[in-house]
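Participant: One structure, pasted below without further comment.
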Amino acid sequence: MGNEAASAAAPEIIVTEGVEKWFGDFQALDDVTMSVKEHEIVVVLGPSGSGKSTFIRCLNRLEEHDAGRIVIDGIELNDDVRNLNAIRSEVGMVFQQFNLFPHLSVLNNITLGPRKVRRQPKREAEEQAMQLLERVGIPEQAEKFPAQLSGGQQQRVAIARSLAMQPKIMLFDEPTSALDPEMIKEVLDVMQELAESGMTMVVVTHEMGFARGVADRVMFFDEGALVEQGTPNHFFDNPREERTKLFLSQIL
Amino acid sequence: MTTMTGGLPPPAPTPLFFRRGFRNLLAQGVYVGVTALVIFYVVQALGGREYGFGFLNQPAAFDVGNQWLINVDGTTNTRFTMYLVGIWATARVVMVTLLLSTVLGVAVGVARLSPNWLLSKMAMLFVEIFRNMPLFVQIVLWYAIVLFGLPQIQNALDLGDTFFLSNRGIAVPWPEPDGGLYGGPEWLTAVWAAAVAAAAVAAWFVRRRRQELERETGQPHYPNRWGIRLFAGGALVSFLALGLPLTIDVPVLSGTDYAEGLTLRPEFTALTLGLTIYTASFIAEIVRASIQALPKGQTEAANAIGLSGYQRLTLVILPQALRQMIPSVTNQYLNASKNSSLAYGVSYADLFFVANIIQNKIGHAVEVFALIIVTYMLMSLAISVVMNFLNSRLTLTRV
């Protein structure tokens with residue numbers, strides 16, 4: 001599905017070269033070289049501890065990589081603070097634990113970034129926030145506080161909060177892993193709608209249905225390395241690598 | 001029946017001493033007995049004398065220094081008036097201490113978590129030095145520093161003819177009531193104060209009304225902007241209309257003392273400095289702990305939407321940490337307010353000091369100490385009430 005036709009000619013918006021990341025003596029990322037085209041939907045799979053979360057956290061510099069290069073939409077990720085600010089407004093991120101601000105209402109959670117970072121007028125930011133809440137299907141929750149919402153609703157607010165910064169790329173770090181089973185679908189539906197609208201997305205998930213149905217490409221990480229990548233059909237039906245086959249045999 | 005319980009022998013009776021009910025009764029009996037003995041002893045010891053607070057209404061026959069905004073002397077004023085002066089002195093120290101120690105404590109606590117190595121180590125040093133030294137030692141030390149470290153008044157440090165530092169005290173400019181341009185009476189200042197208060201109330205109502213309108217109509221009505229305009233405008237217009245009924249008095253040297261302005265005496269300075277720094281070192285640790293107790297995801301989410309470090313701190317981290325720390329900070333406020341009685345060590349005439357003078361002159365130790373205890377309890381109660389109100393406001397409503 002996704003946007004295969006469009007992505008064939010699209011420029012590369014994320015490029016990484018030989019990325020390494022160490023936590024003390026532990027190597028979390030080992031020579032990761034990859035690229036993502038504009039409007040492409042990439043799903044990242046792998047066993048726990050394989051470095052897949054660390055990798056996408058490096059893409060908006062929540063983690064700093066120790067070696068190699070990461071270039072997002074022409075912006076080099078390094079210790080230049082101007083680049084850091086630029087990247088944070090280009091790349092949105094949705095977390096496993098939602099990480100909504102519990103002291104702010106849903107509306108204020110969404111408008112905080114636009115108002116304080118983009119200096120948007122309150123009025124305008126709130127109008128945009130209401131549109132986003134419509135889009136994720138919960139406009140009636142605008143005045144509530146995060147603790148009053150279900151997990152699925154909180155995650156949808158978190159997606160709206162990211163979208164409010166009008167990012168070119170959205171990163172999802174296991175967005176449904178902390179949800180009760182009956183709420184997973186409502187979040188996946190929002191993500192699918194987002195994918196169809198042409199957003200560039202990198203999604204770490206264990207939802208194989210989403211990977212099969214929505215992804216343009218699947219990447220498989222193991223022990224910090226990018227082991228194999230390909231279209232969902234290739235990946236699920238015809239994996240080349242032994243480690244991929246082992247992983248698939250354990251989860252399917 | 002026989003088929004149901006036939007196999008079990010009858011239960012053995014529990015000896016009285018091992019019964020729970022008896023044990024509870026025994027403990028309560030011992031408690032009541034001991035309390036009765038203590039009360040009996042106290043009544044015995046206190047009995048046979050006459051009690052009363054009449055002595056408080058007699059002329060004081062002693063003077064106290066460190067007065068501010070008031071002017072009493074021992075020949076015309078009663079002992080009770082002197083005691084009120086002491087309460088006012090305590091209140092000044094406590095109010096300044098609570099305010100400054102909160103600001104300093106939050107700053108040091110935040111600094112301690114700074115990624116800047118030097119800043120964080122300096123904050124750590126501050127905390128470890130000042131919370132590990134006895135408060136009384138610190139106050140006496142500050143007193144010695146202020147008394148012997150600063151020059152004599154004749155050689156006072158003169159900062160731009162506006163601030164003066166000497167061992168007679170620190171002199172700063174201060175607003176004084178004034179008849180205004182038209183030479184009116186001094187109570188014009190009070191009229192102006194009332195006008196400012198009225199403007200504040202009006203601004204508050206207008207802000208509320210505009211908030212409501214905004215909610216009802218969905219159109220912007222700028223409640224905060226209009227509230228501030230009304231308040232500032234009201235204060236300014238009334239100030240001009242009354243002919244500027246307030247002047248800033250700049251201190252000047254006059255012989256062996258200061259004239260005009262506000263003089264912070266060495267006793268006040270040492271006590272407030274000691275209390276503030278000591279309390280701030282504890283508040284800093286509370287601030288640090290409540291920030292560290294927040295989930296790491298809050299920082300990450302703030303970073304991910306592009307907030308700057310300062311915005312992250314003031315918009316996301318501190319509003320949440322402040323709620324967490326209110327109960328612990330209340331404890332520190334109560335400690336600081338009661339620790340103000342260490343004024344005795346530097347002869348600052350606080351309520352405890354004044355009460356002691358009264359007790360030394362006339363006796364009545366039981367009444368005087370009852371008065372001291374009740375005063376401190378009321379002060380603690382007032383602080384608790386305010387902090388509990390703040391706590392309920394912060395935990396219930398939106399920030």
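Participant: Which ones in the range B:279-296 are open to solvent by 50 Å² or more (accessible area, probe 1.4 Å) and within 22 Å of B:Ile139 (Cβ to Cβ)?
Facilitator: B:Phe282
Participant: Now, a different point. Does B:Gly160 satisfy being on the phi > 0 side of the Ramachandran plot, buried (at least 18 other Cβ atoms within 10 Å of the Cβ) and not hydroxyl-bearing (Ser, Thr, Tyr)?
Facilitator: The answer is no for B:Gly160.
Participant: For the range B:373-394, check the following and say yes or no: at least one residue is within 14 Å of another protein chain (Cβ to nearest Cβ), part of a helix (DSSP H, G or I), hydrophobic (A, V, I, L, M, F, W, C) and open to solvent by less than 90 Å² (accessible area, probe 1.4 Å).
Facilitator: Yes, because at least one residue in the range B:373-394 is within 14 Å of another protein chain (Cβ to nearest Cβ), part of a helix (DSSP H, G or I), hydrophobic (A, V, I, L, M, F, W, C) and open to solvent by less than 90 Å² (accessible area, probe 1.4 Å).
Participant: Same structure again: Only residues that are open to solvent by 60 Å² or more (accessible area, probe 1.4 Å), in a helix (DSSP H, G or I) and either closer than 16 Å to B:Ser101 by Cβ or in contact with a helix residue (DSSP H, G or I) (Cβ under 7 Å, 6 or more places away or on another chain) (or both): list them for the range B:128-139, please.
Facilitator: B:Ile129, B:Phe136
Participant: Looking at B:Leu98, B:Leu119, B:Leu125, B:Leu84, can you tell me which residue is in a helix (DSSP H, G or I), under 26 Å from B:Leu351 (Cα atoms) and open to solvent by 70 Å² or more (accessible area, probe 1.4 Å)?
Facilitator: None of the others qualify; the one that does is B:Leu84.
Residues checked against (1) β-branched (Val, Ile, Thr); (2) modelled with pLDDT under 90:
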| residue | (1), (2) |
| --- | --- |
| B:Ala190 | no, yes |
| B:Glu216 | no, yes |
| B:Pro223 | no, yes |
| B:Gly233 | no, no |
| B:Val237 | yes, yes |
| B:Leu246 | no, yes |
| B:Ala259 | no, yes |
| B:Ser281 | no, no |
| B:Ala289 | no, no |
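Participant: Does B:Tyr278 fit the bill of being part of a helix (DSSP H, G or I) and within 30 Å of A:Lys168 (Cβ to Cβ)?
Facilitator: no
Participant: Looking at the range B:244-256, is at least one residue hydroxyl-bearing (Ser, Thr, Tyr), in contact (Cβ under 8 Å) with a residue 40 or more places away in the chain, open to solvent by less than 40 Å² (accessible area, probe 1.4 Å) and away from chain A (no Cβ under 14 Å)?
Facilitator: No, there is no match, as no residue in the range B:244-256 is hydroxyl-bearing (Ser, Thr, Tyr), in contact (Cβ under 8 Å) with a residue 40 or more places away in the chain, open to solvent by less than 40 Å² (accessible area, probe 1.4 Å) and away from chain A (no Cβ under 14 Å).
Participant: For residues that are β-branched (Val, Ile, Thr) and closer than 28 Å to B:Gln320 by Cβ, scanning just the range B:353-399, find the one that is modelled with the lowest pLDDT.
Facilitator: B:Val399
Participant: Follow-up question, since we're still on this one. Filter the range A:73-88 down to the residues that are closer than 19 Å to A:Ala164 by Cβ and open to solvent by less than 30 Å² (accessible area, probe 1.4 Å), then identify the one that is nearest to the other protein chains (Cβ to nearest Cβ).
Facilitator: Once the filter is applied, the top-ranked residue is A:Arg88.
Participant: Could you list, in sequence order, all residues of the range A:122-160 that are within 13 Å of chain B (Cβ to nearest Cβ) and open to solvent by less than 10 Å² (accessible area, probe 1.4 Å)?
Facilitator: Hits for the range A:122-160 are A:Ala125, A:Ala129, A:Ala142, A:Pro146, A:Gln155, A:Val157, A:Ala158, A:Ile159, A:Ala160.
Participant: Follow-up. Confirm whether A:Val218 is over 22 Å from A:Cys58 (Cα atoms), open to solvent by less than 30 Å² (accessible area, probe 1.4 Å) and of a type in the set (A, V, I, L, M).
Facilitator: Answer is no for this residue.
Participant: Given A:Val117, A:Val91, A:Val106, which one is buried (at least 21 other Cβ atoms within 10 Å of the Cβ) and within 27 Å of A:Glu40 (Cβ to Cβ)?
Facilitator: Every option except A:Val91 fails the conditions.
Conditions (1) closer than 30 Å to A:Glu127 by Cβ; (2) open to solvent by less than 80 Å² (accessible area, probe 1.4 Å); (3) not in a helix (DSSP H, G or I), marked per residue:
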{"site": "B:Glu176", "(1), (2), (3)": "no, yes, yes"}
{"site": "B:Leu181", "(1), (2), (3)": "no, no, yes"}
{"site": "B:Ala193", "(1), (2), (3)": "no, yes, no"}
{"site": "B:Ala199", "(1), (2), (3)": "no, yes, no"}
{"site": "B:Phe205", "(1), (2), (3)": "yes, no, no"}
{"site": "B:His221", "(1), (2), (3)": "yes, yes, yes"}
{"site": "B:Trp226", "(1), (2), (3)": "yes, no, no"}
{"site": "B:Gly233", "(1), (2), (3)": "no, yes, no"}
{"site": "B:Phe239", "(1), (2), (3)": "no, yes, no"}
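Participant: I would also like to ask the following. Where residues in the range A:191-210 are in a helix (DSSP H, G or I) and under 13 Å from the mean Cα position of the chain (by Cα), which of them is surrounded by the fewest Cβ atoms within 10 Å (Cβ to Cβ)?
Facilitator: A:Gln192
Participant: Specify which of the listed residues (B:Leu307, B:Leu315) is open to solvent by 20 Å² or more (accessible area, probe 1.4 Å), facing chain A (nearest Cβ under 9 Å) and at pLDDT 90 or above.
Facilitator: B:Leu315
Participant: A further question follows. Across the range B:16-75, what is the total count of residues that are closer than 30 Å to B:Phe268 by Cβ and not in a helix (DSSP H, G or I)?
Facilitator: Qualifying residue count for the region: 19.
Participant: Out of the range B:319-356, which residues are open to solvent by 30 Å² or more (accessible area, probe 1.4 Å) and within 14 Å of chain A (Cβ to nearest Cβ)?
Facilitator: B:Leu322, B:Arg323, B:Gln324
Participant: When you scan the range B:281-304, how many residues do you find that are within 13 Å of chain A (Cβ to nearest Cβ), among the hydrophobic types (A, V, I, L, M, F, W, C) and part of a helix (DSSP H, G or I)?
Facilitator: Here the count works out to 3.
Participant: Out of the residues in the range A:167-177 that are within 11 Å of another protein chain (Cβ to nearest Cβ) and open to solvent by 10 Å² or more (accessible area, probe 1.4 Å), state the one that is farthest from the chain's Cα centre (by Cα).
Facilitator: My answer is A:Pro167.
Participant: For the range A:109-140, enumerate the residues that are under 22 Å from B:Thr217 (Cβ atoms) and outside any helix (DSSP H, G or I).
Facilitator: If the condition is that a residue be under 22 Å from B:Thr217 (Cβ atoms) and outside any helix (DSSP H, G or I), then A:Gln120, A:Pro121 are the ones that fit.
Participant: Please pick out the residue among A:Glu143, A:Glu182, A:Glu186 that is closer than 26 Å to A:Gly113 by Cα, at pLDDT below 95, out of contact with any Pro (no Cβ under 8 Å at 6 or more places or on another chain) and in a helix (DSSP H, G or I).
Facilitator: A:Glu186
Participant: Which residue out of B:Gly86, B:Gly54, B:Gly65, B:Gly105 is within 25 Å of the chain's Cα centre (by Cα) and at pLDDT below 90?
Facilitator: Of the residues listed, the single one that is within 25 Å of the chain's Cα centre (by Cα) and at pLDDT below 90 is B:Gly65.
The values are calculated or read from the model by the stated rules, or taken from the named source; none is laboratory data. Fair warning: this is a prediction, and the values are worked out from it, not measured in the lab. Cβ coordinates were reconstructed from backbone atoms using ideal geometry, including for glycine residues, and neighbour counts include every protein chain displayed. With ligands, DNA and RNA removed, areas are computed over all heavy atoms of the protein, side chains included. Shrake-Rupley method; radii C 1.70, N 1.55, O 1.52, S 1.80 Å.
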